[in-house]
C-alpha cells in the first residue's frame, strides 16, 4: 500500500497539492537544480518538444513531494506517531488519517470528551500491553468510520495523479532521450529552430504591418469617396448658377462697348479742361501779384501789408526779405509744387528752446568734495610694526634686495656703453657672438646619449656632417657630474664622464676638426654640486682642484646656506648657486675654461642657464677665453592669453636682447621667441610670422646676428619632451629657420632618428648656395591664414603652407626664379 504524505501530528495538518494543480506545475519552467539532465537541455527545453518539458516537470514534482514529506515528518513527528508507525499496516492507516474531518473530529474529541478518553485509557490499557498497542486502540476509538473513507478517497486521488505523472514522465523520458540523440548528431538543429522562429516572428510582423497599411489605404479610399461626392454636389450647384453668369457676361460686354465709344471723345474733353485751368491760373496769378504790389506800396501801412500778404503764397516764405523782393520785382514764375511746400515748411521749423537744466555730472562737480580726516585714514607711517619672525624675514629680504641693487648698479657702471638704436651698427670687434655669420650648428646628443659610449659613436659621423654642410657641433657637458647627463657638475677638472673617457673625448674633437667642424663645449657655470657637508650637515663644501667653501655660494640661496653676496639672477634649486661676484670664483672659472680651450681644443661655448647670474660676467669669461662662437641659454616663458600664445611677444624677445646687451654682444642667444611662435603659426596661423613693422616676430627680427634659431633640444624633445615641436610640422619649421637669418641649430634626433636626413641636407645646401647668413635681410610678401611667403637676401624665395603662390604672381619681385625644393608644406626658389 502506498503511504500517504499527509499526516496529523499534534493537531497540525499538511495536505499535498490536488491532482488538478499538476497541470499547472507541468507548465512551469524547470530549474536545473531539480533536474538530472544537462543544463543545456534544460535551458533549451522550450525549443525541443512538450514531452521533454513534461519529463522535467514530473521529476521536479516527485523531488519536491519527497522533500516536503521528509521536512514535515522531521518538524511534526511525536513519540505517539513514531510508536504507531512501527506496527505495520495499522500504523500506516494512522499516518494516512490527515484529512480535515479527522482533524476536526480530533479537536472536538480533545475538547469535549477528555473524561471519556481518560476512561478508555484506564479500562483498555494494562501493564502487560505495549505502548504501541495502547496508542493504536486509542487512535481507533478517536477515528470515526467516515474519516477512514475520506482519507482513503484522498489517498486514491493522489495515487491516481502520481500514476499519471509517472506514466507521462516515462514517455517524456524516452522522447527526451531520442531528442538528445538527435541534438548530439545535429548540433545546428537548435540554431535552425531558433532561426525559423525568428523568421516566423518576422513574417508575423510583416503581416501585421501589411494589415495596418491596408487599413490606412481603406481609410484613404473612404475619404476620397467622400471628397468625390462633395465635388459632385458642388458641380450641381455650379450648373444651377451658369445661366445667371451668362447674363452678367452679356451686361459686361455691353458696358465695355459703351465705354469704348465714350473714350474716343475723352482726349478732346481733357484738352478743353487743361485750357480752362491754364486761363484761370493766369487770372489768379495776376490778381495775386497786383495785390502783392499794392501791399508793398509806400502808402500802405505794415498792418495792411501783412493782412494782404498773410493769405497768399508769400506766407510760405515767412520772413525772408530777399525772396519777397524777388517775387515783387519779377512776378510769379510758376506754381510752387506740394513737395516743395512740405520741404520749405520742414526747413523753416525752429530749434527747440535751450534748457538751463544741469546734468548729474555738473551737479556733482559743484558739490564740495568731502575727504576723510587724517585720523580716519590708515597710514603705514603711523602703523605699529610687529616684532615677530615674519617681520624679521621681511627686513632681511629688504636688506638683501638693497645689496643686490647696489651690486647691479656697480656692475652696470663698470661695463656701461653708449646705447645704439640698431645693434647691428655696433658690431665689428667681437666675433664670438656671431662667428663667421654662416654657422650651421648641429646638436650632437640627446637626453639618453650618456647610456652609450657617446664619444666613440659620434666621432665617425664627422664626415657625414661635414658633407651635409654642418659647420659646428655642440657637445654635451664633458665633466664629472652627479647626474649622468652632465648638468649637475661636481669636479670640474675630472673629464671622465658618462659619455666616455677623457681620451675618447679628445679623439672625438680631433675627428671633428679633421673635417673642418668647430666644437662647442656645454659649460655649466651657474651651479655646482658639493662633495662634502659643513658642520650643519649642508652640502656646500666642494672638492677636487676647485675646493671652494660656502663663501662661493650666494647668501640668499634658499637651500645651501651660502656666505657670499646676494644672487644677481634666478635660482637653480637643485644645486648650490655660485656667487660670480667673488673675484676668486671668476679667476678659477676663467682658468678652467682656458684649460678646456688649450688642452681639449674646444672652439666655443654653449652656456647653460645664464638667467642665474648677471650677463656682464659672461662678457668677462668670453673675453678671457676668446671663443670662435658662443651661445647663451636664456630660457623664459612666452606671454599667453586664454591658453594661447599672444601675438605680441615683444616683451619676451626684449628680455633675451637685454641679456645679450648685458654680455656686451659677445654671445648670441637661443631664439626661444621664434620657437614658441612657430608652434602656433604652422597650424594655420601664419599671420603670426610678421610683426607690426613687417619684420620676423622673434629675436631674429630685432637682432638677427645674435639669434640662434632651433626647433627642439634635449630638454624640449628627446625623452624629456617638456615642449616638443609638432611632429608633423618639423620640416616646415626647418624650411623656415634654414632659409632665414640667424644661426640655425639642427637636433640630433631629427637628423638621424626621424628619417629627415635628406630633407634637412637639401635645405642646408640651398642656404649655402644662395649665400644666406645671420644678417640676411628679409622681405615678407604674404603672412595670412593660408601661408607665408618671404624673400631672404637677393637669391632665395620660400613659401610654407597651402598658399597658391609662385614668384610670377608677385609684382614687386624682380628677376628670374627656379624652384629648387618642392616638398609637401614648403617650397624654395633660387634666382637663376
(message) Need one number: nm distance between label points at residue 830 and residue 658, each 7 Å from Cα along Cα→Cβ, rounded to one decimal.
(response) 4.3
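If you stretched the chain out fully between residue 693 and residue 573, how much longer would it get, using 0.36 nm times the residue separation minus the C-alpha to C-alpha distance? The partial results should precede the final answer.
Working: separation 120, 0.36 × 120 = 43.20 nm, distance 3.99 nm.
Length gained, residue 693 through residue 573: 39.2 nm.
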(request) Just order 217-225, 741-749 by mean Cβ neighbour count inside 10 Å, highest at the front, would you? (result) 741-749, 217-225
(message) Please compute the Kirkwood hydrodynamic radius of the range 431-481 from all pairs of different C-alpha atoms, in Å with one decimal.
(response) 12.5
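Order 683-694, 763-774 from most to least packed using the mean count of other Cβ atoms within 10 Å. Let's see the in-between values first.
On the way: 683-694: 16.2, 763-774: 19.5.
Top to bottom by mean Cβ count within 10 Å: 763-774, 683-694.
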(message) Take residue 595 and residue 215, extend 7 Å from each Cα along the Cα→Cβ direction, and tell me the distance between the two endpoints in nm.
(response) 10.3
(message) Expected output is a single nm value to one decimal: the length gained when fully extending between residue 253 and residue 820, i.e. 0.36 nm times separation in residues minus the C-alpha distance. What is it?
(response) 195.3 nm
(request) Return a whole-number percent for the relative contact order of the range 710-832, with Cα pairs under 8 Å and 6 or more residues apart as the contact set. (result) 19
(request) Using a Förster distance of 56 angstrom, determine the FRET efficiency expected from the C-beta separation of residue 507 and residue 563, and round it to 0.05. (result) 0.85
(message) Which order do the peptides 717-730, 647-660 come out in when sorted by mean C-beta neighbours inside 10 angstrom, highest first?
(response) 647-660, 717-730
(message) What is the distance in Å between the Cα centroid of the range 551-569 and that of the range 634-706?
(response) 32
(request) Calculate, axis by axis, the spread of Cα positions in the range 476-635 along the three principal axes, and write the results as whole Å, longest axis first. (result) 51, 30, 27
(request) May I ask you to compute the full-extension gain from residue 784 to residue 811, defined as 0.36 nm times their residue separation minus their alpha-carbon distance, rounded to one decimal in nm? (result) 7.9 nm
(message) Suppose each label sits 7 Å from its Cα in the direction of the beta carbon; what would the residue 397-residue 153 distance come out to in nanometres?
(response) 10.7
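Each value in this text was obtained by applying a stated rule to the coordinates, not by laboratory testing. From a predicted model like this one, the values you see are computed outputs, not experimental measurements. In this analysis, Cβ positions are derived from the backbone assuming ideal geometry, glycine residues included, and neighbour counts consider all displayed protein chains.
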